Amino acid sequence: MSSQNTNPQNTVVVKIGGRAVETELIRDLTHEIAELAPHVRLIVVHGGGAEVTRVSELFGIEARFEAGIRMTSNLEMQVVDMILAGKMNKALVRMLLRSGARPVGFCGADAATVVGIPVTDSTGQTTATGRIERIETGLINLLLESGYLPVIASSATTSEGLPLNINADDVAFAVAGAIQANHLVFLSDIPGILKQEQVLRTVTPLDIEREIQTGVIAGGMIPKTRSAEAALAAGVGSVVIGCYSITGDLNRLLGNEIGTRIST
């Protein structure tokens, strides 16, 4: 890992997708996070959509998606809280503890860290899915200043205290912007932005616009890169999109050895 990533003043946000939590490599990843934590201000944000869908189906709750976004019902929101803020958050905390870190797990609703506004579905019905209104950094900064590792699940709240499910990608980008992170590492299912089966190593917002127009950036990668642009505009130093496929990949992503780096 390059020396720039061991500066205690550096702030790094690592977003872990739900599928990553379910792989055997999660133990290697949490060990690597624990090793990195003493050297930077580190925050972990995680999702867990696949597990939410699986458990919802066990309860006979149909998962509905529109344009790739889960339209969360009030009933399914109970599953979201149970899985994200409960099972998956505490599983990550325990793995990080075993690796020697000092994790504190919580969800976006705690201390109103992630406050959102409910969205409506295609029928005009208000859902328990939300878009971010604001990020309150007080709890995050308090934990960081005390030497703890915040582990944030994306279950959130409205300003009135009602439950909301907010996409973990959006939470990670918004948190990174709110705390002016130096680096945001986005662990995806693919090794980066692909063009003709090759990873684009570095792109700028102008490159992103061009590649969206040409169809290189498509599907679920469009909202990720749009969110990355918003994070950069909010003051994040760089966003790296990649996957964790072998031990050491987190350091390689931070060192710009693999993945796609998005910066101005």
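Of everything in the stretch 143-180 that's more than 13 Å from the chain's Cα centre (by Cα) and of a type in the set (A, V, I, L, M), which residue is farthest from residue 254 (Cα to Cα)? Once the filter is applied, the top-ranked residue is 162. The residues in the stretch 239-257 that are under 17 Å from residue 16 (Cα atoms) and out of contact with any Phe, Trp or Tyr (no Cβ under 9 Å at 6 or more places or on another chain) can be counted, and the count is 10.
Scanning the stretch 191-224 for residues that are modelled with pLDDT under 90 and either under 15 Å from the mean Cα position of the chain (by Cα) or crowded, with 19+ Cβ neighbours inside 10 Å (or both) turns up 220, 221, 223, 224. Of the residues that make up the stretch 31-40, is at least one crowded, with 18+ Cβ neighbours inside 10 Å, under 18 Å from residue 166 (Cα atoms) and of a type outside the set (S, T, N, Q)? Among the residues of the stretch 31-40, not one is crowded, with 18+ Cβ neighbours inside 10 Å, under 18 Å from residue 166 (Cα atoms) and of a type outside the set (S, T, N, Q), which makes the answer no. If I filter the stretch 200-218 for residues that are touching a Ser or Thr at 6+ places or on another chain (Cβ under 9 Å) and assigned to a strand (DSSP E or B), do I get at least one hit? Looking for residues that are touching a Ser or Thr at 6+ places or on another chain (Cβ under 9 Å) and assigned to a strand (DSSP E or B), one finds at least one in the stretch 200-218, hence yes.
The values are calculated or read from the model by the stated rules, or taken from the named source; none is laboratory data. Keep in mind it's a predicted model, so treat the numbers as computed, not measured. Every residue, glycine as well, gets a Cβ built from its backbone with ideal geometry; the counts of neighbours run over all protein chains shown.
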